[in-house]
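The values are calculated or read from the model by the stated rules, or taken from the named source; none is laboratory data. The structure presented is a predicted model; accordingly, all values stated were derived computationally and were not measured. Here Cβ is always computed from backbone atoms with ideal geometry, including for glycine, and neighbour counts include all displayed protein chains. All accessible areas refer to the heavy atoms of the entire protein, side chains included, with ligands and DNA or RNA removed. Shrake-Rupley method; radii C 1.70, N 1.55, O 1.52, S 1.80 Å.
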Amino acid sequence: MPLTMNRDVFITCAVTGAGATQDKSPHVPRSPKQIAKSAIDAAKAGAAVVHCHVRDPETGAASRDLNLYRELTDRIRDAEVDVVLNLTAGMGGDIVFGSAESPFPLNAAATDMVGATERMAHIAACLPELCTLDCGTMNFAEADYVMTNSPGMLRAMGQMMTDLGVMPEIEAFDTGHLWFATQLVKEGILKSPALVQLCMGVPWGAPNDMNTFMAMVNNIPADWNWSAFSLGRDQMPYVAASVLAGGNVRVGLEDNLFLERGVLATNAQLVEKAVGVIEGMGAKIMGPQEVREKLALVKRAPKGARG
């Protein structure tokens, strides 16, 4: 695709992921109350979208607890500050094998594999504007862990998202994930124009060098919307790279804990720094309602919500 700098940029803040970062920084939120507060602070700083996981409030471990998602959604929706809500649907696809010589039985304590309906239960209940669809299976950094998203699982989850009226944010960790995303659109499971998040530098997906990044960008259909991020110290350089290549940006504690070398960040500080980079390039920061209009999103109350 011809590359043109994006002059109207929206920022996604990935507030708290599923990784074991909860004890590495006091700023990583755990409870729904803490996650909601950090998300709203990020929105005040300029994030139009907040991407949220939930954690066990006591241990900080990643969770799929529906009640935690409902509390988080209610707190964000009840806040005075508007923001587009993006909930993960990536949980429930984790396989951890035993060892190289004895892969079975699986590591039962670390494996979390459930069906499509259970993976989507909190999306159906909370009805966010967006939810993620990790569009492929891949090895991660850990020796025996595989993020598992089969074509059948993705077709089932993608159809559920479409039927619910929740727009998928297609998380692409490699070029093959983009290839399959275009297939889902061809089959009518996902609508076009779709929304893509390029996930760069995640071991062992697409490395975050510029040649690979541009290969990913060039495999996105021209009429689709997209964003990109990288990890750690490369988070802010990818703010600039994504805008220059025509995309939007993602920052946040899910991907990077530091504001600068040796200085732990809050989500709001990372958003503020991204705003400075984007505005310094001469681009405008989009608000949440502008994003809804651009992506044809509808803000809805969760099922069974008060009122």
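A few comments on the model shown:
- For residue 252, the residues whose amide H sits under 5 Å from its own are 14, ignoring neighbours fewer than 5 places away on the same chain, with H placed 1.01 Å from N.
- For the range 1-80, the list of trypsin sites (Lys or Arg not before Pro) that fall in a loop by DSSP and count at most 10 other C-beta atoms within 10 angstrom is empty.
- Applying 0.36 nm per residue to the separation of residue 79 and residue 301 and subtracting their alpha-carbon distance, the gain on full extension is 78.6 nm.
- Each residue of the range 135-142 is assigned a 3J(HN,Hα), and the resulting list reads 8, x, 9, 7, 6, 10, 4, 5 Hz, derived from the Karplus form 6.51 cos²θ - 1.76 cosθ + 1.60 (θ = phi - 60°), x at Gly and Pro.
- Of all accessible heavy-atom area on the range 81-208, the percent that carbon and sulfur account for (1.4 Å): 61 percent
- Cβ-placed point charges (K, R +1; D, E -1), dipole of the chain about Cα centre in debye, nearest 20: 720 debye
- Couplings 3J(HN,Hα) for the range 252-262, derived from phi with the Karplus relation 6.51 cos²θ - 1.76 cosθ + 1.60 (θ = phi - 60°), are x, 6, 4, 10, 6, 9, 10, 7, 7, 4, x Hz, where x marks Gly and Pro.
- List 150, 25, ordered by accessible area with a 1.4 Å probe, largest first: 150, 25
- If you run the Gaussian network model on the chain, springs between alpha carbon atoms under 10 Å, then out of 144, 134, 174 the most flexible one is 144.
- Remark: the range 151-165, residue by residue, has Karplus-estimated 3J(HN,Hα) of x, x, 4, 5, 5, 5, 5, x, 5, 4, 4, 4, 5, 7, x Hz, where x stands for each Gly or Pro and the curve is 6.51 cos²θ - 1.76 cosθ + 1.60 at θ = phi - 60°.
- Over the range 10-84, the fraction of Cα-Cα pairs per 10 Å bin, rounded to whole percents and listed from the shortest bin up, is 21, 55, 23, 0.
- Report summary: the helix-based calculation at 222 nm, which adds -39500 (n - 2.57) for every DSSP H run with n ≥ 4 and divides by the residues of the chain, gives -10000 deg cm²/dmol.
- Shape index of the range 54-140: Rg/Rh, with Rg the Cα radius of gyration and Rh the Kirkwood radius from the inverse mean 1/r over Cα pairs, equals 1.05.
- Beyond 31 Å in Cα-Cα separation lie the following of the pairs 33/191; 37/284; 24/191; 24/273; 273/294: 33/191; 24/191.
- Coarse-grained scattering of the range 49-95 at q = 0.19, 0.25, 0.33 Å⁻¹, given as base-10 log I(q)/I(0) from a Debye sum over alpha-carbon atoms: -0.65, -1.00, -1.29
- Placing a pseudo-label 7 Å from each Cα along the Cα-to-Cβ vector at residue 192 and residue 125 gives an inter-label distance of 3.6 nm.
- Most positive-pole-ward Cα, 130, 212, 197, against dipole of the chain from beta carbon charges: 130
- What the Cα convex hull of the chain gives, in volume per residue, is 129 Å³.
- Taken over the range 109-180, the alpha-carbon convex hull comes to 99 cubic angstrom per residue.
- Across q = 0.20 Å⁻¹, the range 196-273 modelled as identical point scatterers on its alpha-carbon atoms has Debye log10 I(q)/I(0) values of -0.83, in the order of the q list.
- Amide H partners (placed H, <5 Å) of residue 264, local residues excluded: 259
- Gyration tensor over alpha-carbon atoms, the range 203-245, equivalent ellipsoid semi-axes in Å: 18, 13, 9
- Within the range 176-307, the ratio Rg/Rh, alpha carbon atoms throughout and Rh by Kirkwood, equals 1.00.
- Accessible area expressed per residue, the range 222-307, with surrounding protein chains retained (probe 1.4 Å, Å²): 46 Å²
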